[in-house]
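A quick write-up on the structure given underneath.
The values are calculated or read from the model by the stated rules, or taken from the named source; none is laboratory data. These numbers were taken from a predicted model, which means no experiment stands behind them. Here the Cβ is made from the backbone with ideal geometry for all residues, glycine too, and neighbour counts use every protein chain on show.
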Amino acid sequence: MNKKVLYLSFNDGTDMRVNKELKSLYQHAFVDFVGINQAEDTGFIHHSEKITLHMVVGKKTSALAVSTYFLKCIGLLIFHRYHSVHIINEPQLIILWPFLFLQKNVVLDIFDSIFLKRNKPGNQWKLIKKIVYAPADVIIVTDENRKTMLPDFARNHALILPNYPYSFNKVKKENNKSSALTIIYYGWLGLHRGTSIAQAMLDSGVEVNIIVAGWVGDTPSELLLKSPRITWHGVIPQQQALELASQADYILCVYAPVNKNNINASPNKIYDAIQVQVPVIINQEVAVSTFVKEQKIGYVLPSYEISDWQTVMSDLVRLRNSFSFHQDLINKFTWESVEPELMKAHKL
């Protein structure tokens, strides 16, 4: 009997982690994928006889599209029995809660926890969390630190699946000898995820060019794209993001410390940086900045809010060719090395 997995995501397959997980899963099982996209198809998901797209056409902000999405999910959960169900983040879990009990193996994949966004880590709101997490047989988190953010009862059935990229084998660019900096800013683009810092860099008076790609999350990010020193690539596959990053001096990887979710972020950009051997820029408030500092793989800002950008930019120019990446890190932090954890979660 062929095993079948149901994968539920508001994303359309463009998210780097979603895309990697789908590719891994359909190597071992047939996959029904439900997502929301402005077109019926998405070029980011590899076409295969082993994956069936149930794409809802519309915007993620549309009440009709979201309602249609959940009705489609409910129909599949009621009328099909899957080997396992993969569901992204707690909001979907809450809405689909009663129907998930019809399935025998529910895997909850937490990218951005609603509890951490509300600064309620660990055993805070324990009773509510017990109810919310009840349908989940396995909980996937991105690192050991975020596992400690789970309530005690949930840690026993939690697995760590890091945000590592596929191994990258292209040659790193030669050291930059020009006066201008090149910085890449990609992923979810928002005021608290790097847009304010990118704008401050442009306004600093230091010559800098910024490569931008990803999902535009707010008005300040839309305005940022209008600068003549911005090169905009839209939403792109991970491999293309890595190729662009390999040509930059730094990868912007910052999070405003506005909640526990940002402070305890597990950014894939750090591991992208290791693969392409390009340093990150990260702020000290983010817990993982300690790792960046220890491994000497990036520049750590003293704060997300900087007053003296002239000094910071001068430091970035001076230090840009001084970082090194050990081969053992490059070999270790790859998707290929952690993919078995996803198979373990799904019992494949």
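Evaluating Ile236 against the criteria (1) within 20 Å of Ile306 (Cβ to Cβ); (2) surrounded by 15 or more Cβ atoms within 10 Å (Cβ to Cβ) leaves one unmet condition, (1).
Kindly establish whether Leu342 is under 30 Å from Asp137 (Cα atoms) and assigned to a loop (DSSP other than H, G, I, E, B). Step through it out loud before you land on a result.
Values: under 30 Å from Asp137 (Cα atoms): yes; assigned to a loop (DSSP other than H, G, I, E, B): no.
Against the criterion (under 30 Å from Asp137 (Cα atoms) and assigned to a loop (DSSP other than H, G, I, E, B)), Leu342 does not qualify.
Considering only residues that are at pLDDT below 90 and small (Gly, Ala, Ser), which ones fall in segment 11-57? If the condition is that a residue be at pLDDT below 90 and small (Gly, Ala, Ser), then Gly13, Ala39, Gly43, Ser48 are the ones that fit.
Screening Gly13 on (1) part of a loop (DSSP other than H, G, I, E, B); (2) among the small types (Gly, Ala, Ser); (3) at negative phi shows it passes everything except condition (3).
Of the residues Ile230, Ile139, Ile211, which single one is at pLDDT 95 or above, among the β-branched types (Val, Ile, Thr) and not assigned by TED's automatic domain parsing to the domain that holds Thr311? So that I can check it myself, show each step before the final result.
Details: Ile230 fails: not assigned by TED's automatic domain parsing to the domain that holds Thr311; Ile211 fails: not assigned by TED's automatic domain parsing to the domain that holds Thr311.
The match here is Ile139.
Going by the conditions given, is Ser307 hydroxyl-bearing (Ser, Thr, Tyr), crowded, with 20+ Cβ neighbours inside 10 Å and without any contact (Cβ under 8 Å) to a residue 40 or more places away in the chain? The answer is no for Ser307. Among the residues of segment 313-324, those that are free of Cβ contacts under 8 Å to residues at least 60 places away in the same chain, under 20 Å from Ala200 (Cβ atoms) and surrounded by 11 or more Cβ atoms within 10 Å (Cβ to Cβ) comprise Asp315, Leu319. Within segment 325-340, the set of residues being of a type in the set (D, E, K, R) and surrounded by fewer than 15 Cβ atoms within 10 Å (Cβ to Cβ) comprises Asp328, Lys332, Glu336.
When Phe99 is tested against (1) over 26 Å from the mean Cα position of the chain (by Cα); (2) farther than 17 Å from Pro151 by Cα; (3) loosely packed, with under 13 Cβ neighbours inside 10 Å, just one condition goes unmet, and that condition is (3). Residues that are over 18 Å from Val18 (Cβ atoms) and of a type in the set (A, V, I, L, M, F, W, C) were ranked within segment 71-96; the one that is surrounded by the most Cβ atoms within 10 Å (Cβ to Cβ) is Leu77. Within segment 50-67, the set of residues being surrounded by fewer than 16 Cβ atoms within 10 Å (Cβ to Cβ) and part of a helix (DSSP H, G or I) comprises Ala63, Leu64, Ser67. Filtered by the rule that a residue be out of contact with any Gly (no Cβ under 6 Å at 6 or more places or on another chain), buried (at least 21 other Cβ atoms within 10 Å of the Cβ) and touching a residue at least 12 places away in the same chain (Cβ under 8 Å), segment 283-298 gives Asn283, Val286, Ile297, Gly298.
Note on segment 121-157: residues that are in a loop (DSSP other than H, G, I, E, B) and touching a helix residue (DSSP H, G or I) at 6+ places or on another chain (Cβ under 8 Å) total 11.
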